[in-house]
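Everything below concerns the one structure shown next.
The values are calculated or read from the model by the stated rules, or taken from the named source; none is laboratory data. Fair warning: this is a prediction, and the values are worked out from it, not measured in the lab. Here the Cβ positions follow ideal geometry from the backbone for every residue, glycine too, while neighbour counts run over all protein chains shown. Calculation scope for accessible area: heavy atoms of the full protein, side chains included, ligands and nucleic acids excluded. Shrake-Rupley method; radii C 1.70, N 1.55, O 1.52, S 1.80 Å.
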Amino acid sequence: MEIFLIKLAQLILALSILILLHEGGHFFFAKLFGIRVEKFYMFFDWKFSLFKFKPKNSDTEYGIGWIPLGGYCKISGMIDESFDTEQMKRPAQPWEFRTKPAWQRLLVMIGGVLVNFLLALFIYSMILFYWGDTYIPVKDMTLGMKFNQEAKSYGFKDGDILIGTEKKEFKEFSANLYRDISEAKRVDIIRDGKAMSINLPGELNMLNMFKAEPAFVRPLMPAVVDSVLPSTPAAEIGMRKGDKILAVNGSPIDSYNEFIDQLGRRQDLLLTAKTASDSLKARTVVIAFGNDTRIDTTTVTLTPDLKLGFAIQSMADLYKPVTREYGFFESFPAGIKYGWSVLASYIDDLKYVFTAEGAKSLGGFGTIGNLFPADWDWYVFWKMTAFLSIILAFMNILPIPALDGGHVLFLLYEMITRRKPSEEFMIRAEYVGFGIVLLLLVVANLNDILRSLGIM
């Protein structure tokens, strides 16, 4: 429960910052051009609000709604998600959105997206300034990688040290490494101390590479015990620091990766178990472990979540991370470059959304919340907030009615043709766009529910 609350608190704080500043972008340009803002709300206040106030001599009501799906800035004389059609029937007033020049209305509409994008770049810059850029170079991972059968069919072998592609050297083990491999026609490696290359088609499906079990490539981790948790199956069978896992049910174990894969096969048996006896059988394995002076082979019953109860060395223990530090002014171009890279990668990955597997990968608030760590970590919090800010900016600028991008599209049409779309058309488009957004929210959050139930 504590972990859930910590993740929830981080999610709410991050979204609150992003929503307030996004709507603040619209608010700023509206006020700059003398447009009246009737409401400025965090979250939606359908039927009632949790809190509201209106300063003396102000036209704007500020408040907090009860539906945490975003926020809004209700601007006079504008067809938006409030669907206030009665206002549009009255004579246009000089303080209304609809009476202002198209270029001013355009700036009002892109204000939120602009603020979110600039915010992300600023946060990335400050992260680099305060924490620097710490990572483990892939070429320094001297134990190499563990590959699945698909990767081996292209010529990779367990233990290969990845160097780079025909385009660039690999930096760190991250999603970008998968992306680089998926687009590569040549991957340079070191095998048994010799440099060589693997030829690839240049069009691998990155989503399938990620979702494969086991994944296409993972850092090879030794199956050596670093610590044993008390009152666990590992402690009960006498496992100790320095022991190496040698076999599971007679199958040799060459790495911790292989050990996890073997337990994954037990997970399949556990999911199909119909009785308590079936469940116990799935959790019971024969483990061989030991060191240079002894080897023990014993039958052990794993925990209900198929844990043995030991930990191995972390990546940071195995390899020495490197840190590049940035001065204050140096951090801004580096942060901008990093932010552009994140945006470009996100846009490139969108092609997978239009596949069956991609649709299943969509996630709602549960998925977003799980991106935050179980312990409060300001570095991860700000990095996730910056990432969500870029995503919010990009999603809002999509040309979908009800989103900022939909309004921008109609404004560009007006600026080019010198004709405004009719109010009836705008209202209908707003309903269609709102329906699309609502459908996406339902699908994404339904995926979260199905995943939590183990159905997907």
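Whether a residue is over 27 Å from the mean Cα position of the chain (by Cα), over 17 Å from Leu15 (Cβ atoms), among the charged types (D, E, K, R) and open to solvent by 40 Å² or more (accessible area, probe 1.4 Å) was assessed, and Glu424 passes this test. For the stretch 244-258, a residue qualifies if it is open to solvent by 30 Å² or more (accessible area, probe 1.4 Å), on the phi < 0 side of the Ramachandran plot and either part of a helix (DSSP H, G or I) or not charged (D, E, K, R) (or both), and the qualifying residues are Leu246, Ser251, Pro252, Tyr256, Glu258. Scanning the stretch 289-325 for residues that are of a type in the set (A, V, I, L, M) and loosely packed, with under 12 Cβ neighbours inside 10 Å yields a total of 1. Annotation: Asp261 fulfils all but one of (1) open to solvent by 50 Å² or more (accessible area, probe 1.4 Å); (2) closer than 30 Å to Thr134 by Cβ; the unmet one is (1).
One residue alone among Lys241, Lys281 is in contact with a strand residue (DSSP E or B) (Cβ under 7 Å, 6 or more places away or on another chain), surrounded by fewer than 18 Cβ atoms within 10 Å (Cβ to Cβ) and of a type outside the set (Ser, Thr, Tyr), and that residue is Lys241. Checking the stretch 6-27 against the condition returns no match, with no residue being part of a strand (DSSP E or B) and among the acidic types (Asp, Glu).
Need pairs with beta-carbon distance below 7 Å; first residue more than 13 Å from Ala151 (Cβ to Cβ) and within the stretch 200-215, second open to solvent by 40 Å² or more (accessible area, probe 1.4 Å); sequence gap 6+ or separate chains. Sorted first by the residue in the stretch 200-215, then by its partner, the pairs are Gly202/Glu183; Gly202/Lys185; Leu207/Glu357; Leu207/Ser361; Lys211/Glu357.
Which one is most open to solvent (accessible area, probe 1.4 Å) among residues in the stretch 151-176 that are modelled with pLDDT of 95 or more and in a helix (DSSP H, G or I)? In this case the residue turns out to be Ser153.
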